[in-house]
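Since the structure comes first, as structure tokens, the remarks are kept for the end.
Quick note: the coordinates plus some simple rules give every number you see, no bench work behind them. Quick caveat: nothing in here was measured; it's all calculated off a predicted structure. Cβ placement follows ideal geometry from the backbone for every residue including glycine, while neighbour counts extend to all protein chains displayed.
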Amino acid sequence: MTACSSCEFVFGAGHVAAPCKHQSALLIPGGTPKILHFDEVPILFTGLNALGEHVIISSVDEDGSRERFLHATVSDPLYQSFRRGEVSWQSILRGAPFYLVTCFNSGATEIVVMTAAELPQELMPLDDSFCPVMP
């Protein structure tokens, strides 16, 4: 695994994260991802990175000192399949490396590239974790 611990995050309303000046694959210009699912706080959101690729982000864990997010860059066809409810979030994560991003209240950020096999099981979305179908 590789990590970047010197990145800066831009937070919008509800602590929606658009991360990492060092990882252009993650950067969402303007810091305003589209919220796909909200349950007291944003849970699932998306946007385009600096390279014009779709990024899907989910909030997976938070406590008093940190928030953790899963970030995956996906192709347009895979993104459209996800938005139509044809592909689950878990299957996307099992299909390619992704980022586990931890934002600490101290302002520090840790970004780790990992595979589904390396992700702690308690952070893995359920196999029926589909995107709410777009209208």
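For the reader, a short list of remarks on this structure follows.
- Put simply, the amide H of HIS37, placed in the peptide plane, has neighbours under 5 Å in ILE43, LEU44, leaving out anything fewer than 5 places away on its chain.
- Sites listed here are trypsin sites (Lys or Arg not before Pro) in segment 78-135 whose DSSP assignment is loop and whose Cβ has at most 14 other Cβ atoms within 10 Å: ARG84.
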